[in-house]
Amino acid sequence: MLGTDFRTGSPNWLDLGSPDVDAAVAFYRGVFGWDFVSAGPEAGGYGFFRQGGKTVAAIGPLTEEGAKSAWMVHFMSPDVRATAQAVRDGGGTVRMEPMDVMGEGWLAQFTDPQGAQFASWQPGKTAGLEVASAENSLVWVELHAPDPLAAVSFYTGVFGWRGEEMQVPGMTYRVLSTADGDQREASFGGVAPLGDGGPGPSWVPYFHVTDTDATADTVQGKGGSVLMPAADVPDVGRIAWVADPFGATFALLKPNPRM
């Protein structure tokens with residue numbers, strides 16, 4: 001399960017690019033109860049979502065021309081320059097070259113060979129998120145790709161991930177884990193085949209909630225939309241897919257107690 005003991009390839013940061021930061025902050029405060037703390041005037045509008053004084057995610061204005069509002073999953077790298085080279089070697093694209101972020105760490109942004117965007121964070125003064133897998137925080141990340149096998153191969157080449165196949169109704173799902181430790185304990189996400197009507201190849205963050213149905217209703221009441229109504233997934237929990245008022249997709253998960 002996803003935690004904050006970050007290892008190579010584990011999700012260690014999550015941020016949202018939005019065309020209206022103030023409106024998005026109000027939306028997520030209404031859905032999850034998050035507070036917002038600005039990173040300061042030099043950060044260009046970037047800031048942090050916090051819960052109980054701990055960072056659970058971040059948000060900033062869209063900076064790339066033609067970009068649409070979306071959540072960006074960052075994966076831990078001990079050497080972001082080497083990660084950028086591995087992305088190139090695997091057929092991916094470096095959208096933003098590695099850069100020092102005010103001494104807090106090094107950041108680079110990429111697109112995988114099938115079109116899904118992701119990023120890497122090399123910890124400096126900031127290791128990453130301060131809470132995960134707790135209520136109203138990141139609990140799982142999921143890649144939707146046209147060719148899941150090729151996707152697993154690419155990311156294994158970049159981060160050394162392991163993939164384990166499991167059969168779920170209608171498809172083969174691949175559970176991802178970091179390279180070291182018990183495979184189940186080190187799992188943090190999965191890869192699913194790209195479905196019709198979805199957002200296209202992308203990483204989707206899942207947030208832990210105690211009531212999937214009620215939270216999905218809140219999303220809709222605050223101006224968002226429900227993309228996939230709440231449903232039970234055996235041995236996983238109750239899931240819904242939703243989008244914020246600007247179209248950024250995310251998912252809600254009330255985990256099975258045995259997860």
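Here, each number is a calculation from the coordinates, and none is a lab measurement. All figures in this text were calculated on a predicted structure; none of them were measured in a lab. Every residue, glycine among them, receives a Cβ derived from its backbone with ideal geometry; neighbour counts consider all protein chains shown.
Give me the net charge for the shell around Trp203: Cβ to Cβ below 11 angstrom, other residues only, Lys and Arg +1, Asp and Glu -1.
Within the 11 Å Cβ shell, the charges total -2.
Using alpha carbons only, what's the Rg to Rh ratio of segment 166-222 with Rh from Kirkwood?
Expressed as Rg/Rh, it is 1.04.
Tell me which trypsin sites (Lys or Arg not before Pro) from segment 68-146 have a DSSP coil assignment and no more than 10 other beta carbons within 10 Å of their own.
Of the trypsin sites (Lys or Arg not before Pro), the ones in loops of segment 68-146 whose Cβ has at most 10 other Cβ atoms within 10 Å are Lys125.
Answer rounded, prolate or oblate for segment 55-104, using the Cα gyration tensor with square roots of eigenvalues a ≥ b ≥ c: rounded when a/c is under 1.5, else prolate when a/b is larger than b/c, else oblate.
Oblate shape, in that a/c is at least 1.5 and b/c is the bigger or equal ratio.
How many Å³ per residue does the convex hull of the Cα positions in segment 118-223 occupy? Present the calculation step by step, with values, prior to reporting the outcome.
Working: hull volume 16.2 nm³, N = 106.
About 153 Å³ per residue, rounded to a whole number.
What's the whole-number percent of alpha carbon pairs in segment 12-143 lying beyond 23 angstrom?
In whole percent, the long-distance tail amounts to 33.
Calculate the radius of gyration of the Cα atoms of the chain to one decimal place, then report Dmax, the largest Cα-Cα distance, as a whole number, both in Å.
17.0, 49
Viscosity 1.306 mPa s, temperature 10 °C: what is the translational diffusion coefficient of segment 138-188 from Stokes-Einstein with a Kirkwood Rh over Cα pairs, rounded to a whole number of µm²/s?
Translational diffusion coefficient: 138 µm²/s.
Tell me whether segment 79-125 comes out rounded, prolate or oblate; compute the Cα gyration tensor, take square roots of the eigenvalues as a ≥ b ≥ c, and use a/c under 1.5 as the rounded threshold.
In terms of gyration-tensor shape, prolate.
Quick check: from the Cα gyration tensor, does segment 89-167 come out rounded (a/c under 1.5), prolate or oblate? List each step's numbers first, then the result.
Working: a/c = 2.28, a/b = 1.23, b/c = 1.86.
The shape class here is oblate.
Most mobile of Val233, Val139, Val191 per a Gaussian network model of the chain (Cα springs, under 10 Å)?
Val233
Roughly speaking, what % of Cα-Cα pairs in segment 188-259 are separated by over 20 Å, rounded to a whole number?
Tail of the P(r) past 20 Å holds 27 percent of the pairs.
Please list the non-local residues whose amide H lies under 5 Å from the amide H of Asn12, H modeled 1.01 Å from N, same-chain partners needing a gap of 5 or more.
Correct list: His74, Phe75, Met76.
Test of understanding: in a Gaussian network model of the chain with alpha carbons linked when under 10 Å, which of Thr172, Thr55, Thr93 would top the mean-square fluctuation ranking?
Thr172
If the chain between Glu130 and Ala26 were fully stretched, how many nm would it gain, using 0.36 nm times the residue separation less the Cα-Cα distance?
Roughly 35.3 nm would be gained on extension.
If you find the alpha carbon centre of segment 31-69 and of segment 139-218, how far apart are they in angstrom?
Result: 24 Å between the Cα centres.
With a sphere of radius 12 Å drawn around the Cβ of Val101, what net charge do the other residues whose Cβ falls strictly inside it have (Lys, Arg +1; Asp, Glu -1)?
Spelling it out: positives minus negatives among the neighbours equals -3.
Any idea what diffusion coefficient segment 12-73 gets from Stokes-Einstein, in µm²/s, Kirkwood Rh on alpha carbon pairs, 4 °C, 1.567 mPa s?
Values: Rh = 11.7 Å.
This corresponds to a translational diffusion coefficient of 110 µm²/s.
Determine the gain in length on full extension of the stretch Lys222-Asp79; use 0.36 nm per residue of separation and subtract their C-alpha separation, reporting nm with one decimal.
Net length gain for the segment: 47.5 nm.
Each label point is 7 Å from the Cα along the Cα-to-Cβ direction; what then is the distance between the points at Ala231 and Ser38, in nm?
Going from the Ala231 label point to the Ser38 one covers 4.4 nm.
With a cap of 10 neighbouring Cβ atoms within 10 Å, and only residues DSSP puts in a loop, list the GluC sites (Glu not before Pro) found in segment 12-99.
Glu65
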